[in-house]
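A.B. asks: Here it is: the structure, laid out below.
The values are calculated or read from the model by the stated rules, or taken from the named source; none is laboratory data. Just so it is clear, the structure is predicted and the values come from calculations on it, not from any experiment. Glycine also receives a Cβ, built like all others from the backbone with ideal geometry; neighbour counts cover every protein chain displayed.
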Amino acid sequence: MTNAQSYLAQFAVNSGAPKADFDLLASEALFGWREIRSRLNDGQECLEIGAGPGLLAALAAECRSIEVDALEPTAEGFSFSSPVLDRVVADPPSGLNVIRSDIESFETEKQYDFIWSLNVFEHLSDWREALIKTRSLLKANGCAIILCPNYDVLYEPHFRLPIFGSKTRTQRLFAKRIAAYEDKHGCHGLWNSINMIGVRDIRRLARDKGIDISFDRTLIVRMFERLDHDEQLASRQRWLRPITRFFGALQIHRVWSALPVDTHPYIAIIVTAKDGSS
């Protein structure tokens, strides 16, 4: 068991959440930790946008000598993570500061060395404003990593649905299935929160606003490998696992990483502040 796993294990017994919910949240925190840990250095000031249960922010503050401001308004459709966040807030590691705010309304004089956001930007009321603000909050030579689905690929991963033309049309076609999913998982409002963010619109905004962005093409390889090894994720995306194993056997996922990022269903947006200007 890694140090990160050991740290999360202490929450499992008395997390305040059902085991199934906690296991899901812990799995996502470990995935996030693997994606950001190499970019964390002692002494950094960091920001997490959309901390959810607070587990990833707590991990980062516990395992590195850094300051972490974690934004979490507990958005519609995600109240199931609130008991775990309450536990983190009650006994936070040194350096962690949980702020009950969304990124759009967050006001601060601070700037940050490193900002991350995991599976949040697809739920924001205005992801464009959030991306602009993320850039403005970076110090000179700072960096932000935003991980989220790419809805230019016509698949909705939360509800595991194909997208037909538009969100509205898809909702009409799958209304019963969407309602049943939200009832079963206690996440009412989840569908309404999805904003259909996509690579083409991200690039257009970055060009118009002069934001320096790139995409981590290797993420798709790690996502395929995660589907093969992460039982928690595989249980949620059962039909994908045989496909990813087939692709893995033929190394198709590695070829896919070289294709345009527009074709990648899940993306890592990297925002850099090379000159430090806001």
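A.B. asks: So, of the residues in the stretch 119-170 that are of a type in the set (A, V, I, L, M, F, W, C) and assigned to a loop (DSSP other than H, G, I, E, B), which turns out to be nearest to A29 (Cα to Cα)? Explain how you work it out, then say what you get.
C.D. replies: Initially, the stretch 119-170 is screened for residues of a type in the set (A, V, I, L, M, F, W, C), giving 120-121, 124, 127, 130-132, 137-138, 140, 143-148, 153-154, 159, 161, 163-164.
Applying the additional criterion that residues be assigned to a loop (DSSP other than H, G, I, E, B) yields 120, 124, 137, 153-154, 159, 163-164.
Numbers: V120: 13, L124: 20, L137: 23, V153: 25, L154: 26, F159: 20, I163: 28, F164: 31 Å.
Per the stated criteria, the residue is V120.
A.B. asks: Return yes or no: is L8 buried (at least 19 other Cβ atoms within 10 Å of the Cβ) and either closer than 22 Å to L124 by Cα or at pLDDT 90 or above (or both)?
C.D. replies: Working: buried (at least 19 other Cβ atoms within 10 Å of the Cβ): yes; either closer than 22 Å to L124 by Cα or at pLDDT 90 or above (or both): no.
Answer is no for this residue.
A.B. asks: Taking the stretch 107-118 as the search range and keeping residues that are in a strand (DSSP E or B) and of a type outside the set (F, W, Y), which one is surrounded by the fewest Cβ atoms within 10 Å (Cβ to Cβ)?
C.D. replies: Just the residues of the stretch 107-118 that are in a strand (DSSP E or B), to begin with: 112-118.
Keeping just the survivors that are of a type outside the set (F, W, Y) gives 113, 115, 117-118.
Values: D113: 21, I115: 28, S117: 24, L118: 23.
In this case the residue turns out to be D113.
A.B. asks: Further question on the same structure: Can you run down the residue pairs with Cβ atoms below 8 Å, 6 or more apart or on separate chains, where the first is in the stretch 15-29 and free of Cβ contacts under 8 Å to residues at least 12 places away in the same chain and the partner is hydrophobic (A, V, I, L, M, F, W, C) and assigned to a helix (DSSP H, G or I)?
C.D. replies: Taking only residues 6 or more apart or on different chains, the pairs are K19/A12.
A.B. asks: Among the residues of the stretch 189-223, write down those that are at pLDDT 95 or above, farther than 12 Å from N150 by Cβ and among the small types (G, A, S).
C.D. replies: If the condition is that a residue be at pLDDT 95 or above, farther than 12 Å from N150 by Cβ and among the small types (G, A, S), then A206, G210, S214 are the ones that fit.
A.B. asks: Could you please find all residues in the stretch 179-203 being of a type in the set (A, V, I, L, M, F, W, C) and in a loop (DSSP other than H, G, I, E, B)?
C.D. replies: If we filter the stretch 179-203 for residues that are of a type in the set (A, V, I, L, M, F, W, C), which is where we start, we get 179-180, 187, 190-191, 194, 196-197, 199, 202.
The answer is C187, I194, M196, I197.
A.B. asks: Among the listed residues I146, I213, I202, I194, which satisfies the condition of being out of contact with any Cys (no Cβ under 9 Å at 6 or more places or on another chain), aliphatic (A, V, I, L, M) and free of Cβ contacts under 8 Å to residues at least 60 places away in the same chain?
C.D. replies: Details: I146 fails: free of Cβ contacts under 8 Å to residues at least 60 places away in the same chain; I202 fails: free of Cβ contacts under 8 Å to residues at least 60 places away in the same chain; I194 fails: free of Cβ contacts under 8 Å to residues at least 60 places away in the same chain.
The match here is I213.
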